[in-house]
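Enquirer: Take this structure, written in structure tokens, and hold onto it; I'll ask about it next.
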Amino acid sequence: MAAPQRGGEYRRFVLLSILLGTQRETWAEHILYSVPEETDKGSFVGNIAKDLGLEPGELEEHGVRIISRGRTQLFALNPRSGSLVTAGRIDREELCAQSARCLVNFNILMDKMNLHPVEVEIIDVNDNAPRFLTEEMTVKITENTAPGVRFPLNEARDPDVGTNSLQSYQLNPNHHFSLVVQTGDDGGKYPELVLERVLDREEEAVHHLLLTASDGGDPPRSQTAHIQVTVVDVNDHAPVFSLPQYQATVPENVPVGTRLLTVHAVDLDEGVNGEVTYSFRKITQKILQLFQLNPHTGELSTLEGLDYEESSYYEMEVQAQDGPGSITRAKVMITILDVNDNAPEVTVTSVSNSVPEDTPTGTVVALFYLQDRDSGKNGEVTCTISENLPFKLERSIDNYYRLMTAKNLDREKCSVYNITLIATDGGTPPLSSETHISMNVADINDNPPTFPQVSYSAYIPENNPRGASVFTVMAHDPDSGKNAQVTYSVTEDIIMGSPLSSYISINSDTGILYALCSFDYEHIRDLQLLVTASDGGDPPLSSNVSLILFMLDQNDNTPEILYPTFPTDGSTGVELAPRSAEPGTLIALIKIYDRDSGENGEVNCRLEGEVPFQIISSSRNSYKLVIDGALDREQTPEYNVTITATDRGRPPLSATTTVILIITD
């Protein structure tokens, strides 16, 4: 049963909250668990929800997931119970070989940027019996060998550890041999056959023995190997290696079949007794797959490609045996040199695809893991990004890097950043890899709508039709979405006793202003408005602009002759002129009024027909009627004078009046 080594409630650290615009990173202490190997899928490992300070059902809400750095996933999360469980069968020996402790490390990611290191110890169970490399052994002993001589036997190997590993050997009872067990420098147990009595080939040429290897598990496991001892004639000399141990150092990328070294032993006997053959001893199945030893030449070569990242060192024992069976042993040590044959790998653990533009500087927006399977400088990795970006990299623990904001973001200047992470190792030549992250900058309502001008003016011809479009205002908002949706309104006001809304309306979506009435220049000369543009943000932002609508005069008023006035009782207006009056004498003043303005209100006055009078302009729309010649009362006692007033509009409008001038003494 798994038991967490660490308990208690953890404080809840919220590292990334894009919606709130705040992100910070926290690294928690290790969470320690243990679980036996070979347990069923779904077996309980630990209460991860409790150790993260969460309720059992809150794992999904906080986005809790396992980050395993590329390794096969050994554990899983149960979102209902909040437990860490096994994702399948776990084989301790496959993970950690014969290491004293087998620790599996991974991280729990919470709230997108919060890493909690977890360490699970895999407890060994006695699921492996000791195994001999070969279940049949052959030992050759000359019949003149003195009692007490020892003959090394092939040892058994047990991948379990502790008491579950190999503990003892037993030899079946017999009269000629006994067994001793030596403990090597590596802690391994190596059996040796001890000759107790002199052998007689004529009495018994072959002896059959049973060697049993047992572990200390409960219950114990064991395996038995058969030993065939052959008694041979006297052999004067045993093979002798040229070196007590052989060493070779090779790069991991040597071609398959490369000769690494040659072991050599000499036997001074002649004939069959001096013929030496070579073979492996004290070797694992893995070494048998990687290396081959020529039994006749002693050449050690590769059978498969070597991989430094899998193992950097191999130690084995070879033996030289002559014809009669005398054996000599030597150690062989192969050191593998790392070659920069692995490019760095970038694993993006968590990334925020969208970041608000008001995100504070120093906010973590992505978390990724770097690894290089090489070692030394070949495995030292650095990571860089372009310097012209408002982001920076910061190294964290355990080869994790954080991508953080380094400057204030402005979506209106740049709405998306394409960030290239370049991971480079320290090899010669260096290897590198690239990972691309696309980072969108989310809009914040930080810009009010703006008008291109600080004020506007427009002109409306009077007598316009009701509902006519008179002007269009347009504001621009550099934000996006609802923050950029602009609506328009006009500030209410009172114009000549009436609300402004009775004169003008505005389309809130398009900014088009419409006349709600037909304007009369002679009644209203201009309208002063305040137009407001508001965006759809929350809260909304707005700006104002002033607009003056000027009315354009139309020639819609006929001139009025104020004096001389036309009688309203049907009679004709009468003016008197003395017959003795000199030319230029003022007879009457003519006053004319036109309600229009400009040229439409400028009036010219003239007399109709041939009369001894003329009209002289004295000021705007003001004239004098004066005598232009001699007056003869006896010939013409009175004149009917028609005065016509015409404005300068297009087309012109005019008015007339008739005045009777009586010549008096």
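Enquirer: Under 28 Å Cα-Cα from K624, which lysines qualify once same-chain neighbours fewer than 8 residues away are excluded?
Expert: Within the straight-line cut-off, K624 pairs with K591.
Enquirer: Run the quick spin-label model on E608 and R259: label points 7 Å from Cα toward the beta carbon, then report their separation in nm to one decimal.
Expert: Distance between label points: 14.0 nm.
Enquirer: Same structure again: Once R0 is set to 60 Å, what does the formula 1/(1 + (r/R0)^6) return for the Cβ-Cβ distance between S457 and S386, expressed as a FRET efficiency to the nearest 0.05? Provide the component values of the computation, followed by the final result.
Expert: Details: r = 50 Å, r/R0 = 0.83.
According to the calculation, E is roughly 0.75.
Enquirer: Using the structure shown, list the pairs from K407/K482; K377/K413; K41/K331 with a Cα-Cα distance above 32 Å, or answer none.
Expert: Listed pairs above 32 Å: K377/K413; K41/K331.
Enquirer: In whole Hz, what ³J(HN,Hα) sequence does the range 349-359 give by Karplus (6.51, -1.76, 1.60; θ = phi - 60°), x for Gly and Pro?
Expert: 7, 7, 8, 9, 6, 9, 10, x, 5, 9, 4
Enquirer: Another question, if that's okay. Over the Cα atoms of the chain, what is the Rg over Rh ratio if Rh follows Kirkwood?
Expert: Details: Rg = 56.0 Å, Rh = 37.0 Å.
In the chain, Rg relative to Rh is 1.51.
Enquirer: If you don't mind, another one. Expected output is a single nm value to one decimal: the length gained when fully extending between V234 and T565, i.e. 0.36 nm times separation in residues minus the C-alpha distance. What is it?
Expert: Taking V234 through T565 to full extension adds about 102.2 nm, to one decimal.
Enquirer: Which residues' amide hydrogens lie under 5 Å from the amide hydrogen of S354, considering only partners 5 or more residues apart or on another chain, with H built in the peptide plane?
Expert: Excluding prolines and chain starts, which carry no amide H, the hits are N440.
Enquirer: Over the Cα atoms, compute the radius of gyration (one decimal) and Dmax (the largest Cα-Cα distance, rounded to a whole number) for the range 442-584, in Å.
Expert: 25.5, 98
Enquirer: Taking a label point 7 Å from the Cα of T472 along the Cα→Cβ vector, which residues of the range 498-533 have an amide N closer than 13 Å to it?
Expert: The answer is 507, 509-514.
Enquirer: Going by average Cβ density within 10 Å per residue, which order do the peptides 458-465, 156-163 take, highest to lowest?
Expert: The densest-packed peptide leads the list: 156-163, 458-465.
Enquirer: Based only on Cα atoms, what mean projected area does the convex hull of the range 293-434 have, in nm²?
Expert: Seen from a random direction, the Cα hull of the range 293-434 projects 12.0 nm² on average.
Enquirer: In nanometres, what is the gap between the two model label sites at L530 and Q635, each 7 Å from Cα along Cα-to-Cβ?
Expert: Taking the simple label geometry, L530 and Q635 are separated by 7.5 nm.
Enquirer: Same structure again: How much length is gained if the chain between V272 and V149 is pulled fully straight, taking 0.36 nm per residue apart and subtracting their Cα-Cα distance, in nm to one decimal?
Expert: On the way: separation 123, 0.36 × 123 = 44.28 nm, distance 2.32 nm.
Separation in residues times 0.36 nm, less the Cα-Cα distance, equals 42.0 nm.
Enquirer: Pop the C-beta distance of K624 and M496 into the FRET formula with R0 = 22 Å and round what comes out to the nearest 0.05.
Expert: Approximately 0.05, to the nearest 0.05.
Enquirer: Would you kindly calculate the translational diffusion coefficient of the range 403-472, applying Stokes-Einstein with the Kirkwood radius from alpha carbon pairs, for 4 °C and a viscosity of 1.567 mPa s, and quote it in µm² s⁻¹ without decimals?
Expert: Roughly 70 µm²/s, to the nearest whole number.
Enquirer: Mind checking which aspartates and glutamates have their Cα closer than 16 Å to the Cα of K112? Skip sequence neighbours fewer than 8 apart in that chain.
Expert: The reachable aspartates and glutamates, counting only those whose Cα sits under 16 Å from K112, are E25, E58, E60, E61.
Enquirer: Evaluate the relative contact order of the chain (contact order divided by residue number), counting alpha-carbon pairs under 8 angstrom at least 6 apart; express in whole percent.
Expert: Here the relative contact order equals 7 percent.
Enquirer: Hey, another quick one. Be a star and scan the range 119-154 for residues whose amide nitrogen sits under 20 Å from the point 7 Å along the Cα-to-Cβ vector of R197.
Expert: Only 139-151 pass the distance filter.
Enquirer: Moving on. With label points built 7 Å along Cα→Cβ from the Cα atoms of T510 and V339, find their separation and express it in nm.
Expert: Modelled inter-label distance: 7.5 nm.
Enquirer: Let me ask another. Quote the convex hull volume per residue of the range 408-526, based on C-alpha atoms, as a whole number of Å³.
Expert: 148
Enquirer: Starting from the Cα of S81, step 7 Å toward the Cβ, then list every residue of the range 37-51 with an amide N under 11 Å from that point.
Expert: Output list for this probe position: 42-48.
Enquirer: Rolling a 1.4 angstrom probe over the protein heavy atoms, how many square angstrom per residue are accessible across the range 76-186?
Expert: Values: 5150 Å² over 111 residues.
For the range 76-186, the per-residue accessible area is 46 Å².
Enquirer: Plugging the Kirkwood radius over Cα pairs into Stokes-Einstein for the range 28-68, at a temperature of 20 °C and a viscosity of 1.002 mPa s, what D comes out in µm²/s? Numbers along the way, then the final one.
Expert: On the way: Rh = 12.0 Å.
Answer from the Stokes-Einstein relation: 179 µm²/s.
Enquirer: Let me know the Rg and Dmax you get for the range 270-373 when you use only its Cα atoms, in Å.
Expert: For the range 270-373, the Cα-based Rg and Dmax read 26.1, 92 Å.
Enquirer: Rounded to the nearest 0.05, what FRET efficiency do R579 and R648 have when you use their Cβ-Cβ distance and R0 = 35 Å? Can you show the working numbers first?
Expert: Numbers: r = 37 Å, r/R0 = 1.05.
Plugging the Cβ-Cβ distance into 1/(1 + (r/R0)^6) gives 0.40.
Enquirer: Please report, as a whole percent, how much of the solvent-accessible surface of the chain comes from carbon and sulfur atoms (probe radius 1.4 Å). The partial results should precede the final answer.
Expert: Numbers: 16200 of 33670 Å².
Carbon and sulfur atoms account for 48 percent of the accessible area of the chain.
Enquirer: Given N residues in the range 501-584, what is its alpha carbon radius of gyration divided by 2.2 N^0.38 Å?
Expert: 2.25
Enquirer: Let me ask you something else. Give me the tail of P(r) for the range 355-454 as a percent: Cα-Cα pairs with distance above 22 Å.
Expert: 41
Enquirer: Next question, about the same structure. Tell me the net charge near Y169. Cut-off is 10 Å between Cβ atoms, Y169 excluded, with +1 for each Lys or Arg and -1 for each Asp or Glu.
Expert: Taking every Cβ under 10 Å from that of Y169, the sum is -1.
Enquirer: What percent does the relative contact order of the range 241-306 come to when contacts are Cα pairs within less than 8 Å and at least six residues apart?
Expert: In percent, rounded to a whole number, it is 39.
The values are calculated or read from the model by the stated rules, or taken from the named source; none is laboratory data. Everything numeric in this text was worked out from a predicted model, so none of it was measured. With ideal geometry, Cβ positions are generated from the backbone for all residues, glycine too; neighbour counts draw on all protein chains shown. Note: areas computed on protein heavy atoms with side chains; ligands, DNA, RNA excluded. Shrake-Rupley method; radii C 1.70, N 1.55, O 1.52, S 1.80 Å.
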